[in-house]
Amino acid sequence: MTKEVSILNIPFEIITDWLGDTLTLDEKQRQRLQKYAELLCLWNEKMNLTAITDPEGIAVKHFLDSMTVFKFAEIKQNSRVIDVGTGAGFPGLVMKIVRPDLEITLLDSLAKRIGFLDEVIKTLGLDGISTVHSRAEDGAAKYRESFDIAVARAVAAMPVLCEYCLPYVKVGGRFIAMKGQSVLAEAESAESAVRILGGKMQPPAVFSLYDAGTRGIITVEKISQTPLKYPRNPAKISKSPL
């Protein structure tokens with residue numbers, strides 16, 4: 001796709017004002033985020049990537065939301081990160097743009113979304129980022145305990161996300177789950193799953209995201225190896241969540 005699309009400029013002042021000293025966006029990063037937004041809107045005309053296409057909505061609910069991981073979770077320099085179920089690239093692609101030191105893998109089960117992500121990566125000239133077309137449970141077998149950080153902004157329940165994501169994380173690493181207003185209840189519901197899967201949950205961070213309502217981030221430390229029988233197949237996970 002080479003057609004150009006014009007949208008109103010992304011209001012970066014919203015992002016920088018909310019983040020404060022957490023991150024500073026330079027001109028190149030702003031240009032990349034602007035182009036990412038344009039490609040998102042262009043491809044969204046052909047396939048369902050997002051219901052959010054207005055500039056402020058993209059700035060807050062996609063870009064700023066993705067960057068909150070840096071404000072409420074520890075991500076060390078040069079960490080190897082996998083975004084499980086990345087969708088249109090949130091949060092992983094945004095993380096790469098604003099923290100170029102990170103090595104990012106974007107995993108998604110839909111080939112069309114991978115095609116979109118590959119186009120964005122190529123257009124923006126990003127290095128140290130790759131895509132994987134795979135279901136989460138299949139990818140865990142190939143990339144087991146290969147990453148410092150796993151992130152997920154998926155809508156699945158927290159016990160389910162833990163079973164899909166913790167197998168990717170090295171002992172000593174972290175799984176970071178990005179949640180909405182039910183974050184405290186979600187954290188409580190996952191206590192058993194976290195323990196079984198080799199994790200230790202930190203107290204959730206709960207905050208208000210500009211005018212987009214309550215958000216939460218749950219960080220799970222990987223303190224021991226995940227038993228090899230996890231993740232189970234999706235039918236078993238759905239029928240008998242941990």
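The values are calculated or read from the model by the stated rules, or taken from the named source; none is laboratory data. What you see is a predicted model; the values in this text were computed from it and never measured. A quick note on method: Cβ atoms are made from the backbone with ideal geometry, for glycine too, and the neighbour counts reach across all protein chains shown. Keep in mind that these areas ignore ligands, DNA and RNA; they rest on the heavy atoms of the full protein, side chains included. Shrake-Rupley method; radii C 1.70, N 1.55, O 1.52, S 1.80 Å.
Worth pointing out:
- Residue-level accessible surface for H133, protein heavy atoms, 1.4 Å, Å²: 110 Å²
- Structure-based [θ]222 nm, the chain - -39500 (n - 2.57) summed over DSSP H runs of at least 4, per residue, nearest 500: -10500 deg cm²/dmol
- The chain, relative contact order in percent, only Cα pairs under 8 angstrom and at least six apart counted: 16 percent
- Of the trypsin sites (Lys or Arg not before Pro) found in segment 55-85, the ones in coil according to DSSP and having at most 14 other Cβ atoms within 10 Å of their Cβ are K76.
- Ranked by the mean number of other Cβ atoms within 10 Å of their residues, highest first, the peptides 225-237, 188-200 fall in the order 188-200, 225-237.
- Contour minus Cα-Cα distance for A111 and T123 (0.36 nm per residue): 2.5 nm
- Modelled this way, with points 7 Å down the Cα-to-C-beta line, the labels at E145 and Q225 are 0.4 nm from one another.
- Accessible surface area normalised per residue over segment 90-165 is 36 Å², counting heavy atoms of protein chains with a 1.4 Å rolling probe.
- In this Cβ point-charge picture (+1 for Lys and Arg, -1 for Asp and Glu), segment 1-157 has a dipole of about 380 debye about its Cα centre.
- 31 Å Cα-Cα threshold exceeded, pairs from K28/K200; K76/K122; K35/K170; K35/K222; K35/K76: K28/K200; K35/K170; K35/K222
- Considering only beta bridges that DSSP places wholly inside the chain, some 40 percent are antiparallel.
- Computed from backbone phi with θ = phi - 60° and the Karplus coefficients 6.51, -1.76 and 1.60, the 3J(HN,Hα) list for segment 153-163 is 10, 7, 8, 5, 4, 4, x, 5, 4, 4, 5 Hz; x is used for glycine and proline.
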